[in-house]
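All remarks here apply to the structure that follows.
FYI, it's all coordinate maths here, none of it is from the lab. Because the structure is predicted, anything quoted here is derived from the model rather than measured. Backbone-built Cβ (ideal geometry, glycine too); neighbour counts: all protein chains shown.
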Ligand SMILES: [Zn+2]
């Protein structure tokens, strides 16, 4: 899913685990995406394009269910070792949430294990862009409601979801640009992560009506 869906997941987890620091949760929900950005810059993972669409055709290492589970277990163990098991659990849930949400969103490109030949799954919500926009927006609002966030936070969530519409239905010229400049897509995703996390963090402060 897009950065705002992962970011709002951090808000929902924060409500259930108030002791978990929101900045750490915002990073944890996107830890897998950070791996993808790094691997794509390095050429270890790749995307392909058609005239009108971008396909994340090879991301078996960052986005495998096994990678998400492995990272989550590592965070759980670290939390227990540091004497903060509940924070470890919150961060582990944040990490694994990424691949689970992407499993719903992606076409069948989510590997079971972080191996090039592993079986791949994906329910391809992205294949129905308007349904995708509606469901991701509703999901963001549900997380906001659970978080009991402020009105400005709700507006930010709505606007960030709407801004995804051009990415869900990319213009051929934009696809051609991304295809010609391979660094552009991971950079856009990185920018989305930074913008989304900064806004969610800022607008969820207690003075804004949130609980962070
Ligand atoms: Zn992802």
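Would you be able to tell me the number of residues in segment 17-38 that are more than 24 Å from residue 66 (Cα to Cα) and part of a helix (DSSP H, G or I)?
Qualifying residue count, segment 17-38: 2.
For residue 103, work out the one condition from (1) under 20 Å from residue 22 (Cβ atoms); (2) in contact with a strand residue (DSSP E or B) (Cβ under 9 Å, 6 or more places away or on another chain) it doesn't fulfil.
The single condition residue 103 does not satisfy is (1).
Among the residues that make up segment 33-48, is at least one of them more than 16 Å from the ligand (Cβ to nearest atom) and in contact with a strand residue (DSSP E or B) (Cβ under 7 Å, 6 or more places away or on another chain)?
Within segment 33-48, one or more residues are more than 16 Å from the ligand (Cβ to nearest atom) and in contact with a strand residue (DSSP E or B) (Cβ under 7 Å, 6 or more places away or on another chain).
Regarding residue 76, is this residue surrounded by fewer than 17 Cβ atoms within 10 Å (Cβ to Cβ) and farther than 21 Å from residue 3 by Cα?
For residue 76, the condition - surrounded by fewer than 17 Cβ atoms within 10 Å (Cβ to Cβ) and farther than 21 Å from residue 3 by Cα - is not met.
Of the residues 179, 197, which is surrounded by 13 or more Cβ atoms within 10 Å (Cβ to Cβ), in contact with a strand residue (DSSP E or B) (Cβ under 6 Å, 6 or more places away or on another chain) and closer than 30 Å to residue 48 by Cβ?
Exactly one of 179, 197 is surrounded by 13 or more Cβ atoms within 10 Å (Cβ to Cβ), in contact with a strand residue (DSSP E or B) (Cβ under 6 Å, 6 or more places away or on another chain) and closer than 30 Å to residue 48 by Cβ, namely 179.
Please go through segment 102-120 and give me each residue that is out of contact with any helix residue (DSSP H, G or I) (no Cβ under 6 Å at 6 or more places or on another chain) and within 16 Å of the ligand (Cβ to nearest atom), ordered by number.
If the condition is that a residue be out of contact with any helix residue (DSSP H, G or I) (no Cβ under 6 Å at 6 or more places or on another chain) and within 16 Å of the ligand (Cβ to nearest atom), then 102, 103, 106, 107, 108, 109, 111, 120 are the ones that fit.
What number of residues within segment 18-48 satisfy the criterion of being over 15 Å from residue 198 (Cα atoms) and surrounded by fewer than 18 Cβ atoms within 10 Å (Cβ to Cβ)?
10
Under 18 Å from the mean Cα position of the chain (by Cα), within 24 Å of residue 168 (Cα to Cα) and more than 14 Å from the ligand (Cβ to nearest atom), is that true of residue 65?
Against the criterion (under 18 Å from the mean Cα position of the chain (by Cα), within 24 Å of residue 168 (Cα to Cα) and more than 14 Å from the ligand (Cβ to nearest atom)), residue 65 does not qualify.
Against the definition (within 16 Å of the chain's Cα centre (by Cα), within 14 Å of the ligand (Cβ to nearest atom) and buried (at least 17 other Cβ atoms within 10 Å of the Cβ)), how does residue 54 come out, yes or no?
Taking the combined requirement at face value, the residue does not satisfy it.
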